[in-house]
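Report on the structure given below.
The values are calculated or read from the model by the stated rules, or taken from the named source; none is laboratory data. These numbers were taken from a predicted model, which means no experiment stands behind them. Cβ: placed from backbone, ideal geometry, glycine included. Neighbour counts: every protein chain shown. Ligands, DNA and RNA are excluded from the accessible area calculation, which covers all protein heavy atoms including side chains. Shrake-Rupley method; radii C 1.70, N 1.55, O 1.52, S 1.80 Å.
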Amino acid sequence: MKKIVFLQSASLGEDVDLSILDAFDDITYYPDVPDDEGAKYANDAEVVITNENVFDQKTIDACPHLKLIALTSTGTNTVDVDYCTKKGIKVANAVNYSTDSVAQLTITMALVLSSRLKAYDEYVKKGDYDKDGSFSYFGIPFHNFSSMTYGIVGLGHIGRKVAKIATSLGAKVIYTSLRDVSKDEEDINFDQYGKRSTGR
């Protein structure tokens, strides 16, 4: 049985059930190992599960039994992937786990800003609407989302999701991307809603 260490289990939050991993006899959970102390806890591990612990060449060499680094995040910037490849160590990341939630938050923030929701909320809570005496208040200009142009930098998984939501709300979407997104253009149907640009 492989020795597994989970270096930053608390980073997943308290609502994630990790009991499925208990099927592995030799697994140890550490809630929050500092980013630069991975080798201290994983020096005899064959499998490491982590979020942000740094696995550079020095750390990897200090873990001679290592066969897999499993990241609970999308990015691999904390791991020297090239060196892992040379050493025969596999690196796996959590692809697309946050696409929907990040896209939702992005659109929520855009709607809050375009609707001037915070300003109107404060206007009502301070009692100014009650004192105003007018049913309609126009002192804080706002814009309909359908009248706006939405710019996206990078049309990866999250960018594509945001583009789909923004266009479904009627916004014109423009973007710049370093990758070939011709198939995504057809899927999102940019032509129906507005201009597009490419950084290629």
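A few comments on the model shown:
- Verdict on Y97 being under 30 Å from R160 (Cα atoms), modelled with pLDDT under 95 and either out of contact with any helix residue (DSSP H, G or I) (no Cβ under 7 Å at 6 or more places or on another chain) or not in a loop (DSSP other than H, G, I, E, B) (or both): yes
- Only one of I60, I20, I49, I4 that is among the aliphatic types (A, V, I, L, M) and surrounded by fewer than 17 Cβ atoms within 10 Å (Cβ to Cβ): I20
- Within segment 54-71, residues that are over 12 Å from Y41 (Cα atoms) sit with their Cβ atoms under 7 Å from residues that are open to solvent by 70 Å² or more (accessible area, probe 1.4 Å) and not basic (K, R), at 6+ positions apart or across chains, in these pairs: V54/D35; V54/D36; H65/D44.
- Residue match in segment 98-120 (condition: closer than 30 Å to A45 by Cβ and among the acidic types (D, E)): no
- Residue match in segment 66-83 (condition: of a type outside the set (S, T, N, Q) and modelled with pLDDT under 90): yes
- Number of residues in segment 108-150 that are in a helix (DSSP H, G or I), out of contact with any strand residue (DSSP E or B) (no Cβ under 8 Å at 6 or more places or on another chain) and under 23 Å from A163 (Cβ atoms) equals 10.
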